[in-house]
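Novice: Can you keep this structure in mind? I'll have questions shortly.
The values are calculated or read from the model by the stated rules, or taken from the named source; none is laboratory data. Please read these numbers as outputs of a predicted model, since none were measured by experiment. All Cβ positions, even for glycine, are placed from backbone atoms using ideal geometry, and neighbour counts span all protein chains on display.
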Amino acid sequence: MLDFVRQAIRDFRHTGSLWPSSPQLAKAMTRAIGSLPAPRRILEVGPGTGPFTRVLLEHLEPGDRLDLVELNRSFCKELDRRLLRSFRDEHPSIEVRMHCARIEEVVLDPPYDVIICGLPFNNFPPKLVRSIFRRLLLLLRPGGELVYFEYAGVRAMKWSVAGAKTRHSLRRISAVGRGLRRRHSGRRTFVLGNLPPAISVRLRKR
Ligand SMILES: C[S@@+](CC[C@H](N)C(=O)[O-])C[C@H]1O[C@@H](n2cnc3c(N)ncnc32)[C@H](O)[C@@H]1O
């Protein structure tokens with residue numbers, strides 16, 4: 001928790017929050033895994049200190065593979081030290097790979113059955129938001145699920161204090177989300193038990 005707060009103060013644009021996500025949000029974000037038979041290929045983007053990773057690891061079975069992509073070196077090291085090393089030792093038949101890199105640039109081995117994305121899209125320029133979603137959808141197999149979240153009311157809150165340029169960006173980011181939900185059967189789940197409350201969005205690739 002302290003590590004997360006420290007990183008958030010250092011780089012709020014990429015961290016996007018002051019605290020890690022709650023177990024309730026982690027449950028909503030990882031729901032897709034339960035209904036899929038093993039072996040599964042799973043990608044998590046922006047694991048931070050690992051609230052979603054922890055739940056994913058609990059559900060992994062022999063033959064599954066989990067790739068994690070995180071740009072912050074400190075989070076990568078901590079995740080490896082606190083969660084991944086012991087998991088790998090105890091589960092040699094499950095492959096877990098950490099890529100300490102940006103999702104825009106990392107070389108991966110698709111297709112994935114499920115992608116869990118924790119990126120703070122409302123902090124990014126609309127062009128980057130669009131290109132990251134395009135990449136994630138390319139990495140996903142047809143029929144696979146892409147799950148992301150945003151804080152409830154975050155754009156409305158930012159809007160009330162923003163200048164014209166930021167408002168324009170927020171409008172474009174909102175339009176990207178609407179378009180994705182329309183094209184890929186988007187389903188939203190409100191999660192009150194998170195600080196701040198959040199909405200998880202599940203997209204099923206056509
Ligand atoms: C809102 S935090 C979410 C962390 C964690 N999933 C959670 O819910 O507590 C966003 C995370 O995405 C990472 N991140 C931001 N931009 C990224 C990028 N382009 N590629 C990979 N990771 C990124 C940040 O370093 C941070 O760990």
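Novice: Select from region 117-131 the residues that are within 13 Å of the ligand (Cβ to nearest atom) and without any contact (Cβ under 8 Å) to a residue 40 or more places away in the chain and list them in ascending order.
Specialist: Answer for region 117-131, where residues must be within 13 Å of the ligand (Cβ to nearest atom) and without any contact (Cβ under 8 Å) to a residue 40 or more places away in the chain: LEU128, SER131.
Novice: Before we move on, is ILE94 away from the ligand (no atom under 11 Å from the Cβ) and touching a Gly at 6+ places or on another chain (Cβ under 8 Å)?
Specialist: Spelling it out, ILE94 is indeed away from the ligand (no atom under 11 Å from the Cβ) and touching a Gly at 6+ places or on another chain (Cβ under 8 Å).
Novice: From VAL114, VAL106, grab the single residue that is within 14 Å of the ligand (Cβ to nearest atom) and either within 17 Å of VAL147 (Cβ to Cβ) or without any contact (Cβ under 8 Å) to a residue 40 or more places away in the chain (or both).
Specialist: Every option except VAL106 fails the conditions.
Novice: Can you name every residue in region 138-165 that is crowded, with 18+ Cβ neighbours inside 10 Å, farther than 18 Å from GLU70 by Cβ and hydrophobic (A, V, I, L, M, F, W, C)?
Specialist: Those that are crowded, with 18+ Cβ neighbours inside 10 Å, farther than 18 Å from GLU70 by Cβ and hydrophobic (A, V, I, L, M, F, W, C): LEU140, VAL154.
Novice: Then there is this: Of all residues in region 58-73 being closer than 21 Å to ASP3 by Cα and surrounded by 15 or more Cβ atoms within 10 Å (Cβ to Cβ), which is farthest from the chain's Cα centre (by Cα)?
Specialist: Restricting to residues being closer than 21 Å to ASP3 by Cα and surrounded by 15 or more Cβ atoms within 10 Å (Cβ to Cβ), the top hit is ASN72.
Novice: Report the residue count in region 149-168 for those that are closer than 30 Å to ALA26 by Cα and either among the basic types (Lys, Arg) or under 24 Å from the mean Cα position of the chain (by Cα) (or both).
Specialist: 13
Novice: Further, regarding this structure: Considering only region 169-179, I want to know if a residue exists there that is closer than 27 Å to PHE75 by Cβ, polar (S, T, N, Q) and either at pLDDT 95 or above or more than 18 Å from the chain's Cα centre (by Cα) (or both).
Specialist: Looking for residues that are closer than 27 Å to PHE75 by Cβ, polar (S, T, N, Q) and either at pLDDT 95 or above or more than 18 Å from the chain's Cα centre (by Cα) (or both), one finds at least one in region 169-179, hence yes.
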